[in-house]
1. When you go through B:VAL32, B:VAL37 one by one, which is the residue that is farther than 14 Å from B:ARG66 by Cα, in contact (Cβ under 8 Å) with a residue 24 or more places away in the chain and of a type outside the set (Lys, Arg)?
2. When residues of the stretch A:145-166 are filtered for being at pLDDT below 85 and away from chain B (no Cβ under 14 Å), how many remain?
3. When you check A:GLY229 against the structure, is it in contact with a Ser or Thr (Cβ under 9 Å, 6 or more places away or on another chain) and of a type in the set (Gly, Ala, Ser), yes or no?
4. Run down A:THR214, A:THR152, A:THR178 and say which single residue is in a helix (DSSP H, G or I) and in contact with a Gly (Cβ under 6 Å, 6 or more places away or on another chain).
5. Being within 14 Å of chain B (Cβ to nearest Cβ) and in a helix (DSSP H, G or I) narrows it down to one residue among A:LEU235, A:LEU219, A:LEU230; which is it?
6. Give me the pairs, please: first residue somewhere in the stretch A:12-36 and on the phi > 0 side of the Ramachandran plot and assigned to a helix (DSSP H, G or I), second residue anywhere and among the charged types (D, E, K, R) and surrounded by 23 or more Cβ atoms within 10 Å (Cβ to Cβ), beta-carbon distance under 7 Å, and either six or more positions apart or on two chains.
7. Go through (1) outside any helix (DSSP H, G or I); (2) farther than 22 Å from A:ALA310 by Cβ and name the single condition A:ILE166 misses.
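The values are calculated or read from the model by the stated rules, or taken from the named source; none is laboratory data. Bear in mind the structure is a predicted one, so any value in this text is a computation, not a measurement. Glycine also receives a Cβ, built like all others from the backbone with ideal geometry; neighbour counts cover every protein chain displayed.
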Amino acid sequence: MNTFQQQWFGNVRGDILAGIVVGLALIPEALAFAFIVGVDPRYALYASFTMAVLTAIFGGRPGMISAATGAMALVLVSLVANHGVEYMLAATILTGIIQWILGLCGVAQLMKFVPNSVMLGFVNALGIMIFMSQLPYLIGGTIPTYTYAIVTLLLVYIIPRFIKSIPAPLIAIILMTTIAIWSGVSLQTIGDLGTMPSTLPAFLLPDIPLTLETLFIILPYAFALSIVGLLESLLTAQVLDEMTDTESDKNKEARGQGIANTVNGFFGGMAGCALIGQSIINVKSGGRGRLSTFVSGIFLLFLILILGDAVARIPMPVLVGVMIMVSFTTFNWGSFRFLQRAPRTESLVMLMTVLIILYTHNLAIGVVIGVLLSALFFVANISKLTIERNGTIYRIHGPLFFASTTAFMNEMRKYPSDDFIVDFQDSALWDESAANTLWKWVTQCKARGVQVEVINLNERSSALYEKWNEEVGK
Amino acid sequence: MKIGVAMDGSFHAERAAKYAIELASKIEGARVELLTVVTYDQMKKEHLLTPSHGTLEVQRKKVFKRAVEWAEEANVELKQTVLKGDPSKMIMQYAEAVNLDLLVIGSRGLNALQEVVLGSVSQKLVKHIGCPVTVVK
């Protein structure tokens with residue numbers, strides 16, 4: 001999968017077929033995400049088209065599907081509610097610029113600082129939030145509303161057992177919409193909530209005042225969108241790498257997401273990113289190359305343009321049923337086992353990430369705090385210092401750094417004041433405060449007439465120690 | 001001669017492996033190929049639940065554990081392969097790619113319900129695979 005030729009045309013038949021399947025599967029989700037944000041369906045449909053086509057060209061992971069997503073939709077909700085849809089477009093453009101710059105700076109290398117526990121918290125909170133976003137359509141609904149939602153939900157789980165080549169949500173939607181139209185039941189439809197697009201997306205500047213105030217409104221959203229979008233995209237890329245046993249350029253993917261979002265905003269789309277579920281559908285259907293992503297975008301728009309009127313008749317409860325399924329598959333059900341098996345701190349980080357996200361309704365804040373928490377736990381964990389005494393040799397176990405210097409002093413004070421040797425074979429000085437502490441200790445001992453010898457400092461540690469010694473000696 | 005065994009961690013698959021190993025021990029130059037398949041859905045779920053890629057590899061090969069012991073006892077040459085994707089499809093592709101002479105499978109997999117609802121992987125393999133198949137009951 002290295003050359004341009006291979007990435008585009010290495011798997012033409014598989015890619016075209018899979019692209020068509022994914023194009024079909026993208027529609028219900030795009031519609032539902034538009035409703036989560038509270039905008040016309042076209043903002044999400046255009047977004048899915050633009051994201052798919054542009055990430056196919058500029059992305060780093062061939063075969064990955066990017067479109068309008070629930071994660072990005074959930075971030076956009078409050079922006080649209082408070083400031084309107086033009087600010088959403090502006091934020092999308094800015095998100096793209098930030099992502100592109102982050103990609104240039106090598107943001108992918110930062111991914112390794114996001115531990116699994118935080119990512120688990122992220123996807124679980126995402127699943128819960130998508131589920132909760134569907135509740136307003138159900139609570140207080142009529143009997144037909146419930147019936148249609150529940151039957152759709154059942155169908156999307158049962159159909160794949162018999163038909164695998166066509167996405168189950170699509171079959172369920174067609175079936176349930178047909179039934180609804182025939183039976184003449186009165187249900188809220190997609191058409192009631194907004195108009196379907198009938199033209200290709202066109203270039204438009206967002207209608208916002210170009211002031212500093214505007215920037216301060218959209219900037220926090222753009223940052224949150226950038227983090228959420230890159231996180232989900234790079235996670236999806238990792239999963240696809242593993243599934244297809246191929247490598248991908250994650251920084252290129254970040255830049256590709258950036259380009260796609262910037263253009264997307266100018267062409268009337270809401271911010272998007274990679275979709276893990278759709279990407280898996282693509283791989284399962286035989287899609288591997290860039291062509292599959294490209295075809296999915298083109299086919300989606302083609303369908304919407306010719307079938308817009310039919311799509312507008314889909315009853316909302318049917319879409320709600322599909323989205324509940326999406327929320328169930330987004331949630332990682334293995335998490336309960338993870339909670340039992342993983343170290344307590346990791347479980348705690350996972351739960352905290354979920355709780356913070358649910359409390360703040362902000363995926364980005366949850367992830368950032370989750371990463372900080374796990375870093376803190378890591379420091380706390382690694383700062384445990386033990387001293388093994390063997391005659392006059394005191395052997396230090398564990399790194400000496402700002403978090404463990406106190407432990408070092410406390411431990412050393414316990415020992416009698418004979419001459420002794422401090423062995424750093426299994427330890428090292430990691431920062432100034434470590435060098436300072438060791439130096440202070442040695443000086444104190446000398447002042448009391450106790451001879452101390454420090455041995456087995458590694459190169460870095462002795463350099464730090466020497467430097468400190470010199471500076472104090474001046 | 002290459003004798004493939006499809007394994008999914010079930011008791012039936014282990015019996016199939018035992019049979020294949022016994023068979024191979026009686027044939028000069030025969031090799032047993034242990035096969036298992038992780039589905040894409042499984043991979044998505046596992047991705048965040050395991051600390052590292054290496055752990056995953058080890059975990060996936062766990063289904064071979066007893067078969068490996070038996071093969072060592074019987075002094076039979078063994079190859080372990082983890083495939084990714086749709087189980088019956090991937091096993092068929094693999095069988096063709098390496099020219100398996102025989103595939104040994106258990107009569108049913110992990111889940112009795114699967115048999116009723118899905119039509120088992122075993123059934124599909126028996127119907128569509130290009131090489132001879134032995135179903136161990």
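1. Numbers: B:VAL32 fails: farther than 14 Å from B:ARG66 by Cα.
Exactly one residue qualifies, and that residue is B:VAL37.
2. Selection size over the stretch A:145-166: 1.
3. So A:GLY229 fits the description; yes.
4. Details: A:THR214 fails: in contact with a Gly (Cβ under 6 Å, 6 or more places away or on another chain); A:THR178 fails: in contact with a Gly (Cβ under 6 Å, 6 or more places away or on another chain).
Residue meeting the stated conditions: A:THR152.
5. A:LEU235
6. Listed pairs, sorted by first residue: none to list.
7. (2)
Residue-wise test of (1) modelled with pLDDT of 95 or more; (2) within 23 Å of A:ILE365 (Cα to Cα); (3) buried (at least 19 other Cβ atoms within 10 Å of the Cβ).
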{"site": "A:TRP182", "(1), (2), (3)": "no, no, no"}
{"site": "A:ILE190", "(1), (2), (3)": "no, no, yes"}
{"site": "A:LEU205", "(1), (2), (3)": "no, no, no"}
{"site": "A:ASP241", "(1), (2), (3)": "no, no, no"}
{"site": "A:LYS252", "(1), (2), (3)": "yes, no, no"}
{"site": "A:GLN257", "(1), (2), (3)": "yes, yes, yes"}
{"site": "A:VAL263", "(1), (2), (3)": "yes, no, yes"}
